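The values are calculated or read from the model by the stated rules, or taken from the named source; none is laboratory data. What you see is a predicted model, and the numbers here were worked out from it, not measured in a lab. Here the Cβ positions follow ideal geometry from the backbone for every residue, glycine too, while neighbour counts run over all protein chains shown. Accessible surface areas use protein heavy atoms only, side chains included; no ligands, DNA or RNA. Shrake-Rupley method; radii C 1.70, N 1.55, O 1.52, S 1.80 Å.
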Amino acid sequence: MSMKSIFDAKEVRSEFEKASINPSFIPLIWKHVISHHQNPNTVTTAIDWCEIPSLPSAAYSLLASKFKPLTTTLHSLHHSSDGVTTKLLIKLQNGSFVEAVVMKYDTRLGKYDGKPRPGGPRSTLCVSSQVGCKMGCRFCATGSMGFKNNLSSGEIVEQLVHASRLDSIRNVVFMGMGEPLNNYAALVDAIRVMLGSPFQFSPRRITVSTVGIVHAINKLHNDLPGLNLAVSLHAPVQDIRCQIMPAARAFPLEKLMDALQQYQKISQQKILIEYIMLDGVNDGEQHAHLLGKTSSEEGVSRFQKILRGTYNIRTTVRKQMGQDISGACGQLVVNLPDKKSVGNSSLLADIEDLHL
């Protein structure tokens, strides 16, 4: 029987309660594991549970018999030539691999009320929720892998632990490998760990991206209030959407729009609509008009102007990051890369900081 991750919160809490150990000790254990892996003097050494002070005596034997500090290992890092993107190749306990991406931004490059925002450099982590994906989107490399398996909540959280060794992570986006809402229970459990001690993320700093799993969207706000939701729309009409996103057949655009309107009504939050520009497929002016009612740089700009000028829809054009290391959106597919050195850093503005 394989050992569980200490970050599988539900499993740990269940075992503690069965052993009559107060679950309030769990965040203390997580803090110790994180500190151990962030310390360059200890990161290469194994954690001895007995080193954690102030735990009940029964906790030490339970931890040793049931749980591992990390069930995943950081196999390799791959740095973009401009130094703003790092891709992490992470090996799971079952031998499979997933990828996560750290992206560096500069909040001062964004604007608020027409003025530069205060702040400075920060990092966003893009995490995976599955090995492969069953959605089969035509433009996404991950879909070419097919679906392998769901990640546990601990395996999701461990991506954050590994990334935190590289930089201080300010935002987490579920835009890596897999459809997050198809691994709903583990997604919710992992985010709840991130929201609590010792990670202490605000829900406003976490974004879940989905192709539009309607039944999961309908319950997401109740389970994780305040979370940011992003929807991969990519077409203004159902037939085009089905051509490029086969899974859209199960989630008609009308039902998806109803679910999003209800989500927005309940949450009182804006929803990020993601739209990839595919030359000759969904990037015509008529598509911009259709999108307002429901891929060249010049074409993207023209498309954006219609949405802004005609429909007053706030839009931002995402910058490409990590394309040279296959770390950009839609490029995550497991490879075993050699390490590359970091080039000159040139920080970009994060989409969350662009008020245009």
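If you take every residue apart from Glu99 with its C-beta less than 14 Å away from the C-beta of Glu99, what net charge results, scoring Lys and Arg +1 and Asp and Glu -1?
Counting the neighbours of Glu99, the net charge comes to +1.
Report the convex hull volume per residue for the stretch 140-248, counting only C-alpha atoms, in Å³.
117
Roughly to the nearest percent, how much of the accessible area of the stretch 28-166 is carbon and sulfur, given a 1.4 Å probe?
Ligands and nucleic acids excluded, carbon and sulfur give 52 percent.
Over the Cα atoms, compute the radius of gyration (one decimal) and Dmax (the largest Cα-Cα distance, rounded to a whole number) for the stretch 1-106, in Å.
Spelled out, the Cα radius of gyration and Dmax of the stretch 1-106 are 16.3, 52 Å.
Distance cut-off 21 Å, Cα to Cα: go down the list Lys134/Lys270; Lys91/Lys148; Lys265/Lys305 and report the pairs above it.
Table pairs above 21 Å Cα-Cα are Lys134/Lys270; Lys265/Lys305.
So for the stretch 132-256, averaging the separation of alpha carbon pairs under 8 Å that are six or more residues apart and normalising by length, what relative contact order in percent results?
Once normalised by length, the contact order is 25 percent.
How long, wide and thick is the stretch 57-146, going by the Cα atoms along their three principal axes, in whole angstroms, largest first?
Over the stretch 57-146, Cα extents along the principal axes are 57, 44, 26 Å.
In the stretch 1-118, with Lys and Arg counted as +1 and Asp and Glu as -1 at Cβ, which of these residues, Val84, Val98, Pro69, has the Cα nearest the positive end of the dipole, that is, farthest along it?
Val84
Want the number for Asp223 to Gln268: 0.36 nm per residue separation, take away the alpha-carbon distance, what's left?
Extending this stretch completely gives an extra 14.7 nm.
Return P(r) of the stretch 45-87 (all Cα-Cα pairs; 5 Å bins starting at 0; whole %; ordered from short to long distances).
Percent of Cα pairs in each bin: 5, 16, 19, 14, 10, 9, 9, 9, 6, 3.
Where does the stretch 202-254 land on the Kirkwood hydrodynamic radius, alpha-carbon pairs, in angstrom?
Numbers: mean 1/r = 0.0832 Å⁻¹.
Final number for the Kirkwood radius of the stretch 202-254 is 12.0 Å.
Got a number for the accessible area of His221? Probe 1.4 Å, square angstrom, nearest 10.
40
Quick check: with the 1.4 Å probe, what order do Phe251, Phe147 take by accessible area, largest first?
So, going from the largest accessible area down, we get Phe147, Phe251.
Give, rounded to the nearest 20 debye, the magnitude of the charge dipole that the stretch 1-56 has about its Cα centre when Lys and Arg contribute +1 at Cβ and Asp and Glu contribute -1 at Cβ.
Around 120 debye, computed over the stretch 1-56.
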